[in-house]
Amino acid sequence: MPVDFSDILVIGVSSRALFDLEEENSVFEKEGIEGYRKYQQEKENDSLKPGTAFILVKSLLELNNQADKRIVEVVVMSRNSPETGVRMLNSINEHKLDITRVALSGGEPLSPYIDAYDVDLFLSKDVKDVQTVIDSRACAAATIYDPPTEFDPSDNRVKIAFDADAVLFSEDSEYRYKTEGIDAFHKFESEHVDEPLKEGPFAKLLIKLSKIQEHLPTTIELTPLRLSIVTARNAPSHMRVIKTLRKWRVYVDEAHFLGGLSKDKVLKAFGAHIFFDDQETHLNATSKVVPSGKVPYSSDSKMNTIEKKK
């Protein structure tokens, strides 16, 4: 019988997102595959240090110990070959990560394997792979920033934060704001407050996260998996977000409608294990205090025209 992941959150994480492999990547760029293979073999028994996504992955896997069934599965996806990937496999064991599925593509792109592994969220440092996944609309995907220099989650709960427009919701409202101005944006949102926002690239992920909460032992208000929206929206555009979540039957623990205030301080206070946003202006600041990932616009997005003009 094939494994059914329909009720399980599946995270596909690249080896460079899970572990700190920047030195190793530099060796590959300078010395090629032969130099890289030799380097990895010499250090085969040296455990790799955690990367940006490590704490998130470890914390999500620990939810399996609290749930009434397995609710999280992690697939490590790497362009290493089986030979050069031995050090990574040893490091998974050394860090006691409950990971049994690994994809070693031997230098080939990872994006074609997303559907085969039923991935719900793909985290990588490879911009091209992430863009391909976003364009395919196979699942949520983000390019991981370098880890913050100081990040220590305040408790053992898992905390995930999302921007709203162009992440959880479609880019339509953001495009209206960028092209027509704030007044036209607020007017439209007020007039369409009862009309649910269209799904964005991370909508299905949020719905899946909400679904797996049902298998945790506490009430939804006390769940060890906390979800937050941190957005530049403010009144009167906030109500459309809240009503859309109701339509989706998604419970979000926190929502911060900042109206232009800095996101990094709120995310630091929240203690996000990861934050997803579409704009570098926010991520450059947030990535210094919490693990962060950029959600790119699809290649056919109207927002790309605006971005190119900057």
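The values are calculated or read from the model by the stated rules, or taken from the named source; none is laboratory data. Quantities reported herein were computed from a predicted structural model and do not represent experimental measurements. Methodologically, a virtual Cβ is constructed for each residue, glycine included, from the backbone with ideal geometry; neighbour enumeration extends over all protein chains shown. Keep in mind that these areas ignore ligands, DNA and RNA; they rest on the heavy atoms of the full protein, side chains included. Shrake-Rupley method; radii C 1.70, N 1.55, O 1.52, S 1.80 Å.
Of the peptides 8-17, 194-203, 75-84, the ranking by mean beta-carbon count within 10 Å, highest at the top, reads 8-17, 75-84, 194-203.
Note on region 51-112: with charges restricted to the Cβ of Lys and Arg (+1) and Asp and Glu (-1), its dipole about the Cα centre is near 20 debye. The count of lysine pairs in region 32-100 whose Cα atoms are under 27 Å apart, excluding pairs fewer than 8 places apart on the same chain, comes to 9. Using the average count of surrounding beta-carbon atoms within 10 Å as a protection proxy, the listed peptides 273-286, 105-118 rank, highest first, as 273-286, 105-118. Over 24 Å between Cα atoms, which of LYS178/LYS294; LYS263/LYS294; LYS125/LYS263; LYS211/LYS302 qualify? Beyond 24 Å: LYS211/LYS302.
Amide H contacts of MET77 (H built 1.01 Å from N, in plane; Pro and chain starts excluded): VAL13, SER14, SER15, ALA103 sit under 5 Å, all sequence-distant by 5 or more or on other chains. In the chain, the ratio of gyration radius to Kirkwood radius, Rg to Rh, stands at 0.97 when only Cα atoms are counted. Size descriptors for region 1-135 (Cα atoms only): Rg and Dmax, in that order, 15.0, 49 Å. Can you say what percent of the DSSP beta bridges in the chain, counting only those with both residues inside, are antiparallel? Round to 5. So the antiparallel bridges amount to about 10 percent of the total. A straight chain from ASP68 to ASP46 at 0.36 nm per residue would run longer than the Cα-Cα distance by 4.3 nm.
Over the chain, accessible surface divided per residue gives 48 Å², non-protein components excluded, 1.4 Å probe.
So, with +1 on the Cβ of K and R and -1 on the Cβ of D and E, and no other charges, what is the size of the charge dipole of the chain about its Cα centre, to the nearest 20 debye? My answer is approximately 520 debye. Ordering LEU123, VAL86, ALA184 by Cα displacement along the dipole of region 80-207 toward the positive end leaves VAL86 in first place; charges were set at the Cβ atoms of Lys, Arg (+1) and Asp, Glu (-1). Rolling a 1.4 angstrom probe over the chain with all protein chains present gives an accessible area of which 50% lies on carbon and sulfur atoms.
Ranking VAL167, ALA140, LEU216 by how far each Cα lies toward the positive end of the dipole of region 129-218 (charges on Cβ) leaves LEU216 at the top. Within the shell defined by Cβ-Cβ distances under 15 Å, the residues around PHE188 carry a net charge of -3, with Lys and Arg each +1 and Asp and Glu each -1.
When only alpha carbons of region 171-310 are considered, Rg and Dmax amount to 15.6, 50 Å.
Please give me the summed charge of the neighbours of PHE28: other residues whose Cβ is under 12 Å from its Cβ, Lys and Arg +1, Asp and Glu -1. Please list the in-between numbers first.
On the way: positive: ARG16, LYS30, ARG37, LYS38, ARG79; negative: GLU22, GLU23, GLU24, GLU29, GLU31, GLU34.
Every neighbour counted, the sum reads -1.
Straightening the chain between SER299 and GLU34 buys 91.9 nm, computed as 0.36 nm per residue apart minus the Cα-Cα spacing.
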